[in-house]
Each structure stands twice: as structure tokens, then as C-alpha cells.
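Remarks on the structure that follows.
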Amino acid sequence: MARPIVYGPAGSTYVWSARLTLAEKGVAHELVEVPFGAHKEQPHLSRHPFAKVPTFEHDGFALYETQAIMRYVDERFESAPLQPIDVHQFARMNQIIGIVDAYAWPSIAAGVLFNRMLAPRFGLPVDEAAITAALPDARLCLAEFERLMGEQPFLAGERISLADLMVVPLLSYFSRLAEGEMALVEHPALTAWLKRMETRQSWYVTKPAGI
């Protein structure tokens, strides 16, 4: 059986989520770097016609969309499941994943991380207005993550799930910026969760350079 292949830049939060899933399942994989900008060109467009990352391949089976990749990995490979059996916890996991896609990634990643981290790296102007506009939604996402987690050790229950693996890349980056550090001070339970997640082997073996 060939090793799964993940295509995309290691620093992408979605690529990181896919790799975290593989690591949590104990599955060795190959990362094929797709440099910034190359996702809009061939050969990547042949893997993802919408020019996004990551894409995935395993034994000749090609797949794109992060959620689909993560669920495939969880269901294809043995080891502890990353999707709860309890219907309420399963629904909560899906709710949190939905929050990431609809609200947290647009505000935290596109609004703040892009301007604070990527724009300076590539010589692009930093849009301070975009950062300011994104922060209210970013703070609301943090508040909801903490509220939905409640007193549980993980976001959707007693065990780690795909919800945790979707959220942790965003907050690992965000917490290292002044805006994120200030926002997380208001959420001690979520901060404690993040610290726990950052002690897991899966986090260490997949974390991008610079984290």
C-alpha cells in the first residue's frame, strides 16, 4: 500500500489539518509542497480545478476538500476514531467544523493571518483596515469555540475529534500574534485546550516551520 500524499504548502491551515488527521491516525504520508501562487497553475489545477489546497491521493484515489480528506483518512485507516459515535457530539463536531469554514477561516486566516504573516513575507501591503474589520468575527469565533466546548477536554467531547484538528492550526498561528494573544486572554478554557493540543505528538510532527 502506497503512502498517502498531501499536496499543498505546509503552512496552510487546511493542509495542516489534513496532516494532523493522518498523524493522529498514525499514518505516515508524503507532503508535496505547492508554493504560494502555484496552486493557480498546472499541474495543481489538474488536481483541484478550483485552485485550492490541500489535495490528496492514496492508492490512485484522488480527493480534494479538507473535510472530505479528513473523513476519508479517519474512515479508511484503523486506530482510534476521530468522529464521535454519540449523535450530539457528532453534531457538535460538525457544527464547529462549519464555524471554521464559514467564519473562523475568513476572519482569522484571511483577515488577520494573511495580512500579519503572509503579506510582509511576499512584499505585499498590509491591509490594517481588513485586520480591524476581521477581529470582531475572530473574537466571536473564539467565544463560541469556548462556549461549545464547555467543561469538556476537547471541543466536541471527551476525546479528540476532527473539530479539534480543524481549529488548532488557526489558533496556533493566531495565538502567536499580538491580536490573537490579546483575544485569547479572555478565554482561559480555550487557551488551556490550545496548550494541551500543542503537546500532542501529531502537532509536533506536522507543525510548519516558524511555529
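None of the figures in this text is laboratory data; all of them are computed from the coordinates on show. Note that this is a predicted model, so its numbers are computed, not measured. FYI the Cβ positions are ideal-geometry reconstructions off the backbone, even for glycines, and counts take in every protein chain you see.
Computed from point charges on the beta carbon alone (+1 for Lys and Arg, -1 for Asp and Glu), the dipole magnitude for the stretch 19-110 about its Cα centre is near 240 Debye. Counting lysine pairs in the chain that sit 8 or more residues apart in sequence, or on different chains, and whose Cα atoms lie under 23 Å apart gives 5. Overall shape of the stretch 50-205 was characterised from the C-alpha gyration tensor. The equivalent ellipsoid obtained from it has semi-axes of 26, 21, 14 Å, in decreasing order. The gain in end-to-end length when the A80 to D137 segment is fully stretched comes to 17.2 nm, 0.36 nm per residue minus the alpha carbon separation. The magnitude of the dipole of the chain, with charges of +1 and -1 set on the Cβ of Lys/Arg and Asp/Glu and taken from the Cα centre, is near 320 debye.
Restricting attention to the chain, close to 75% of DSSP beta bridges with both partner residues there are antiparallel. Remark: the stretch 184-195, residue by residue, has Karplus-estimated 3J(HN,Hα) of 6, 4, 6, 10, x, 5, 5, 4, 5, 4, 4, 5 Hz, where x stands for each Gly or Pro and the curve is 6.51 cos²θ - 1.76 cosθ + 1.60 at θ = phi - 60°. For the stretch 9-81 and the stretch 133-179, write down the distance between their C-alpha centroids in whole Å. Centre-to-centre distance over Cα atoms comes out at 22 Å. The charge dipole of the stretch 113-211, taken about its Cα centre with unit charges on the Cβ atoms of Lys, Arg (+1), Asp and Glu (-1) only, comes to about 400 debye. Mind checking which of L135, T199, Q95 is farthest towards the positive end of the stretch 87-201's charge dipole, using Cβ charges of +1 (Lys, Arg) and -1 (Asp, Glu) about the Cα centre? Going by the Cα projections, it comes out as T199. Extending 7 Å from the Cα toward the beta-carbon at both L45 and A192 defines two label points whose distance is 5.1 nm.
In this structure, E33 and Y204 have a Cβ-Cβ separation that, at R0 = 22 Å, corresponds to a calculated FRET efficiency of about 0.70. Neighbour counting of Cβ atoms within 10 Å sorts the residues M166, M117, M93, fewest neighbours leading, into M117, M93, M166.
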